[in-house]
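Structure record follows, encoded as structure tokens.
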Amino acid sequence: MINEVNYEKFLLINNRQLSYKGIFKVEDIFSTINRALEEKDYTKREKKSEETVTEAGRKTYVELRPFRMITNYLTLMIKMRITFDNVTEDLVEHKSEKRIYQQGDLLIAFDGWVLSNYRNRWGMKPWFYFVKGMINKFIYKNPLEAETGGKLAQDTAYIYAKIKGLLNSYQGESGKPVKEEEIRKQVKKELKEEIKKEKNELKNN
């Protein structure tokens with residue numbers, strides 16, 4: 001298990017949102033997320049979970065922080081803030097079959113982080129840590145480190161597309177289903193643009 005306190009954090013994907021309103025099954029959504037994380041070699045980790053009940057229905061908030069170790073000093077982390085709101089349960093006929101579904105609003109916000117632990121790698125020597133930071137920013141970036149933003153975009157797009165594909169399946173014939181591969185390509189392209197923007201802002205600061 002990683003200890004985020006010991007890592008330097010770089011936010012490359014900022015609040016990428018997936019919203020949905022309609023019927024769903026909560027267990028299907030989390031099963032899909034867990035499968036996608038396993039397929040991309042992420043270690044599952046739940047940071048926070050809370051639930052409240054209102055007159056309009058249940059509200060549930062879950063925060064996940066799965067991570068993927070690239071090296072001993074470089075880690076990818078996808079922060080997922082999942083909010084189910086105004087959730088009720090109904091007997092719904094879906095695909096010619098009556099089943100109990102949850103119904104309400106779903107919002108999933110994705111943040112993508114690169115975590116680096118160069119202090120630990122270089123024996124906590126501040127001078128080497130400072131020099132590495134300057135070289136990384138202005139002169140030369142290690143190819144492995146340069147690829148991390150792309151890996152993060154690919155992994156996030158993959159998880160996003162899996163969830164989106166599941167949500168599309170609930171909409172039936174009227175939902176105008178979009179192929180998962182098309183969703184993934186579009187999201188990957190948008191995420192790479194966001195990462196490029198974030199990197200440029202970091203460089204100019």
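Scan the stretch 28-59 residue by residue and report those that are part of a strand (DSSP E or B), among the charged types (D, E, K, R) and under 13 Å from the mean Cα position of the chain (by Cα).
46
Taking the condition in a strand (DSSP E or B) and buried (at least 18 other Cβ atoms within 10 Å of the Cβ), does residue 83 pass?
Values: in a strand (DSSP E or B): yes; buried (at least 18 other Cβ atoms within 10 Å of the Cβ): no.
It is false that residue 83 is in a strand (DSSP E or B) and buried (at least 18 other Cβ atoms within 10 Å of the Cβ).
Which one is surrounded by the fewest Cβ atoms within 10 Å (Cβ to Cβ), of the residues in the stretch 21-32 that are under 15 Å from residue 60 (Cα atoms) and of a type outside the set (Lys, Arg)?
27
Criterion first (within 24 Å of residue 184 (Cβ to Cβ), in a strand (DSSP E or B) and within 12 Å of the chain's Cα centre (by Cα)) does residue 15 satisfy it?
Yes, satisfied.
Given the options 20, 101, name the one that is in contact with an Asp or Glu (Cβ under 7 Å, 6 or more places away or on another chain) and part of a strand (DSSP E or B).
Working: 20 fails: in contact with an Asp or Glu (Cβ under 7 Å, 6 or more places away or on another chain).
Of the residues listed, the single one that is in contact with an Asp or Glu (Cβ under 7 Å, 6 or more places away or on another chain) and part of a strand (DSSP E or B) is 101.
Regarding residue 93, is this residue modelled with pLDDT of 90 or more and in a strand (DSSP E or B)?
Numbers: modelled with pLDDT of 90 or more: no; in a strand (DSSP E or B): yes.
So residue 93 does not fit the description; no.
Counting only residues that are within 18 Å of residue 42 (Cβ to Cβ) and at pLDDT 80 or above, give me the helices (runs of 4 or more DSSP H) lying completely in the stretch 111-190 with at least 3 of them. Before you say what the answer is, go through the steps one by one.
Numbers: elements: 118-121, 126-134, 143-170.
Helices (runs of 4 or more DSSP H) meeting the threshold: 143-170.
The values are calculated or read from the model by the stated rules, or taken from the named source; none is laboratory data. Remember, predicted model here, so these are calculated numbers, not experimental data. Ideal geometry is used to build each Cβ from the backbone, glycine not excepted, and the neighbour counts take in all protein chains shown.
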